[in-house]
Amino acid sequence: MKSLEALFAAAAAVRSNAYAPYSGFAVGAAIRTPSGAIFSGVNVENASYPVGTCAEAGAIAAMVAAGENRIAEILVLGDGEALVTPCGACRQRIREFARDEVNIHIAGPNGLRASFTVGELLPQAFGPSLAESHAP
Ligand code: THU
């Protein structure tokens, strides 16, 4: 299976587990790391609305918990007419573990809809210095 197809399948598989009783908007995200591993996450909402977390945050947490800290590629999957691009906070979260050239793929239930780079979605980012060893 091609890497993008595997990312889509992973995001689609977890998306049904999203906890989104307040917005009704289920999102799944999947990250591929340079090792080839795939980590996924879903949005987890809360009765105290601002406490809810995005799918991207869940996928990043799973990656870091597994001992990895580089994003080779990330895919976000949600329904609706508008592209489900990462929110501003998640763009910053992604940037922590991804260089400007890394692809952020946006998908709907039927497949890939668009692809951007980290640099396109978060230009002139404040991020880890490229000299830092943990910077991907
Ligand atoms: N959401 C994500 O999980 N990721 C995105 O990229 C966009 C928005 C979630 C947050 C909230 O639970 C719901 O979608 C509606 O905004």
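Only residues that are at pLDDT below 85 and surrounded by 12 or more Cβ atoms within 10 Å (Cβ to Cβ): list them for the stretch 106-136, please. Break it down stepwise before answering.
Applying the first criterion (at pLDDT below 85) to the stretch 106-136 yields 129-136.
Answer for the stretch 106-136, where residues must be at pLDDT below 85 and surrounded by 12 or more Cβ atoms within 10 Å (Cβ to Cβ): ALA135, PRO136.
List pairs: first residue in the stretch 36-52 and more than 22 Å from ASN69 (Cα to Cα), second residue within 9 Å of the ligand (Cβ to nearest atom) and among the charged types (D, E, K, R) anywhere in the structure, Cβ distance under 8 angstrom, at least six positions apart or on different chains.
GLY52/GLU45
Residues that are on the phi < 0 side of the Ramachandran plot and away from the ligand (no atom under 16 Å from the Cβ): does the stretch 70-85 have at least one?
Yes, the conditions are met somewhere in the stretch 70-85.
Looking at the stretch 56-73, is at least one residue out of contact with any Ser or Thr (no Cβ under 6 Å at 6 or more places or on another chain), aliphatic (A, V, I, L, M) and under 17 Å from PRO109 (Cβ atoms)?
Taking every residue of the stretch 56-73 in turn, none turns out to be out of contact with any Ser or Thr (no Cβ under 6 Å at 6 or more places or on another chain), aliphatic (A, V, I, L, M) and under 17 Å from PRO109 (Cβ atoms).
If you go through the stretch 99-131, how many residues are assigned to a loop (DSSP other than H, G, I, E, B), in contact with a Gly (Cβ under 9 Å, 6 or more places away or on another chain) and free of Cβ contacts under 8 Å to residues at least 40 places away in the same chain?
Step one: filter the stretch 99-131 for residues assigned to a loop (DSSP other than H, G, I, E, B), giving 99-102, 109-110, 122-131.
Okay, now just the ones that are also in contact with a Gly (Cβ under 9 Å, 6 or more places away or on another chain), so 99-102, 109, 122, 125.
Still in the list and also free of Cβ contacts under 8 Å to residues at least 40 places away in the same chain: 99-102, 122, 125.
Of the residues in the stretch 99-131, 6 are assigned to a loop (DSSP other than H, G, I, E, B), in contact with a Gly (Cβ under 9 Å, 6 or more places away or on another chain) and free of Cβ contacts under 8 Å to residues at least 40 places away in the same chain.
Of a type in the set (A, V, I, L, M, F, W, C), closer than 20 Å to ALA10 by Cα and over 14 Å from the mean Cα position of the chain (by Cα): which single residue out of ALA59, ALA55, ALA107, ALA66 fits that description? Walk me through it before giving the result.
On the way: ALA59 fails: over 14 Å from the mean Cα position of the chain (by Cα); ALA55 fails: over 14 Å from the mean Cα position of the chain (by Cα); ALA107 fails: over 14 Å from the mean Cα position of the chain (by Cα).
Among ALA59, ALA55, ALA107, ALA66, only ALA66 is of a type in the set (A, V, I, L, M, F, W, C), closer than 20 Å to ALA10 by Cα and over 14 Å from the mean Cα position of the chain (by Cα).
Quick test for you: out of GLU81, GLU5, GLU56, GLU45, pick the one residue that is within 24 Å of SER129 (Cβ to Cβ) and of a type in the set (Asp, Glu). Break it down into steps so the answer makes sense when it comes.
Values: GLU81 fails: within 24 Å of SER129 (Cβ to Cβ); GLU5 fails: within 24 Å of SER129 (Cβ to Cβ); GLU45 fails: within 24 Å of SER129 (Cβ to Cβ).
The match here is GLU56.
Restricting to the stretch 10-45, name every residue that is in a strand (DSSP E or B), more than 12 Å from the ligand (Cβ to nearest atom) and farther than 16 Å from CYS90 by Cβ.
ARG32, ILE38
The values are calculated or read from the model by the stated rules, or taken from the named source; none is laboratory data. Note that the structure is predicted; figures quoted are calculated from it, not measured. With ideal geometry, Cβ positions are generated from the backbone for all residues, glycine too; neighbour counts draw on all protein chains shown.
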